Amino acid sequence: MRTIWIAVAVTVIDMVIAVPIAFFIAKVATDKWQKILVVAVLMPLWASYLVKAYAWRNVLADGGLFEWLGAPIGASSPGYSETAVIMTLAYIWLPYMILPIHAGFEKGPDSLLEASSDLGAKPWSTMRLVMLPILVPSIIAGTIFTFSLSLGDYITAQIVGGTTQMLGTVVYANVGAANNLPFASAVSLIPIVIIMIYLFVVRRTGALDNL
């Protein structure tokens, strides 16, 4: 249940962050800035997964960047915990959410936004009633990446999770030091079944056509 909760939390956080970023890139930025911003979104993917995870370990450490920035408002670092795992995974998988949603915004013609504005709709109403129905398949396509990648992750939990265990860390521990391959195989079936059920559900939405 903890693993599912972390995967869902990462997916929701990435969705909330990705929608305005993708909208700005696709509908607000000029052609020149669109290219620059798309490259900026892709740049973290060029860095090693381990480099990004260990960078967040330094950020979240006692006396690290997070604690230094939060000191003026009395905020403290979450340390190495479940919260740290969610924050790190949300950062690592964010590009996988932005790109499908950006593609969804580009598919929506600007004339729809203009027609909605001409008919007196406010920006929030336009987003909710006009763009969101178009974006649903793209958003679901992004959740497939963030949810499945978070569900099977075990490295981040080991680096910034402290005592936090996920299904992946249990599998890793029993394949390695514990040498209990039957138990590791049994546990590994859990995320596989969850992903299969999730893909079966989203397949009916047409989201897989956006992958």
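The values are calculated or read from the model by the stated rules, or taken from the named source; none is laboratory data. Bear in mind the structure is a predicted one, so any value in this text is a computation, not a measurement. Please note: Cβ atoms are built from the backbone with ideal geometry, for glycine as well, and neighbour counts cover all protein chains shown. What goes into the accessible areas is simple: the full protein's heavy atoms, side chains included, and nothing from ligands, DNA or RNA. Shrake-Rupley method; radii C 1.70, N 1.55, O 1.52, S 1.80 Å.
In the range 82-93, is there at least one residue being closer than 30 Å to A29 by Cα, open to solvent by 70 Å² or more (accessible area, probe 1.4 Å) and modelled with pLDDT of 85 or more?
Within the range 82-93 (the criterion being closer than 30 Å to A29 by Cα, open to solvent by 70 Å² or more (accessible area, probe 1.4 Å) and modelled with pLDDT of 85 or more), the answer is yes, since at least one residue qualifies.
Evaluate the range 21-39: report whether one residue or more is of a type in the set (A, V, I, L, M, F, W, C), closer than 17 Å to L149 by Cβ and in contact (Cβ under 8 Å) with a residue 40 or more places away in the chain. Let's see the steps before the verdict.
Within the range 21-39, the first condition is being of a type in the set (A, V, I, L, M, F, W, C), and the residues that meet it are 21-26, 28-29, 33, 36-39.
Of the ones still in play, those that are also closer than 17 Å to L149 by Cβ are none.
No; the residues of the range 21-39 include none that is of a type in the set (A, V, I, L, M, F, W, C), closer than 17 Å to L149 by Cβ and in contact (Cβ under 8 Å) with a residue 40 or more places away in the chain.
With respect to L167, determine if the residue is without any contact (Cβ under 8 Å) to a residue 12 or more places away in the chain, open to solvent by 10 Å² or more (accessible area, probe 1.4 Å) and farther than 22 Å from I17 by Cβ.
Working: without any contact (Cβ under 8 Å) to a residue 12 or more places away in the chain: no; open to solvent by 10 Å² or more (accessible area, probe 1.4 Å): yes; farther than 22 Å from I17 by Cβ: yes.
No.
From (1) touching a residue at least 60 places away in the same chain (Cβ under 8 Å); (2) open to solvent by 60 Å² or more (accessible area, probe 1.4 Å); (3) of a type outside the set (S, T, Y), pick out the condition that doesn't hold for G161.
With (1) touching a residue at least 60 places away in the same chain (Cβ under 8 Å); (2) open to solvent by 60 Å² or more (accessible area, probe 1.4 Å); (3) of a type outside the set (S, T, Y) applied to G161, the lone miss is (2).
Pull out all pairs, ordered by first then second residue, where Cβ-Cβ is under 8 Å, the residues are six or more apart or on different chains, the first lies in the range 134-147 and is farther than 17 Å from I197 by Cβ and open to solvent by 20 Å² or more (accessible area, probe 1.4 Å), and the second is in a helix (DSSP H, G or I) and among the charged types (D, E, K, R).
Partner pairs satisfying both residue conditions: I134/K107; P137/D209.
Do you know which of the residues in the range 50-71 that are among the small types (G, A, S) and at pLDDT 90 or above is surrounded by the most Cβ atoms within 10 Å (Cβ to Cβ)?
Our first condition is that a residue be among the small types (G, A, S); within the range 50-71, this holds for 53, 55, 61, 63-64, 70-71.
With at pLDDT 90 or above added as a condition, the list becomes 53, 55.
Details: A53: 21, A55: 15.
Restricting to residues being among the small types (G, A, S) and at pLDDT 90 or above, the top hit is A53.
Taking I190 and the conditions (1) modelled with pLDDT of 85 or more; (2) open to solvent by less than 60 Å² (accessible area, probe 1.4 Å); (3) among the β-branched types (V, I, T), which numbered condition does it fall short on, given that it satisfies the others?
So I190 meets the others, but not (2).
Find the residue count for the range 33-49, including only residues that are open to solvent by less than 80 Å² (accessible area, probe 1.4 Å) and either outside any loop (DSSP other than H, G, I, E, B) or at pLDDT below 85 (or both). Steps first, answer last, please.
Step one: of the range 33-49, the residues open to solvent by less than 80 Å² (accessible area, probe 1.4 Å) are 34, 36-42, 44-45, 47-49.
After this cut, where a residue has to be either outside any loop (DSSP other than H, G, I, E, B) or at pLDDT below 85 (or both) as well, the list is 34, 36-42, 44-45, 49.
The total comes to 11.
Quick check on the range 58-74. Is at least one of its residues within 18 Å of the chain's Cα centre (by Cα) and more than 27 Å from Q165 (Cβ to Cβ)?
Filtering the range 58-74 down to residues within 18 Å of the chain's Cα centre (by Cα) leaves none.
Looking through the range 58-74, none of the residues is within 18 Å of the chain's Cα centre (by Cα) and more than 27 Å from Q165 (Cβ to Cβ).
Would you check which residues across the range 21-32 are among the charged types (D, E, K, R) and open to solvent by 50 Å² or more (accessible area, probe 1.4 Å) and list them? Working first, answer last.
Within the range 21-32, the subset among the charged types (D, E, K, R) is 27, 31-32.
Once the filter is applied, which keeps residues that are among the charged types (D, E, K, R) and open to solvent by 50 Å² or more (accessible area, probe 1.4 Å), the range 21-32 yields D31, K32.
Count, please, the residues in the range 108-133 that happen to be buried (at least 17 other Cβ atoms within 10 Å of the Cβ) and more than 25 Å from R204 (Cβ to Cβ).
3
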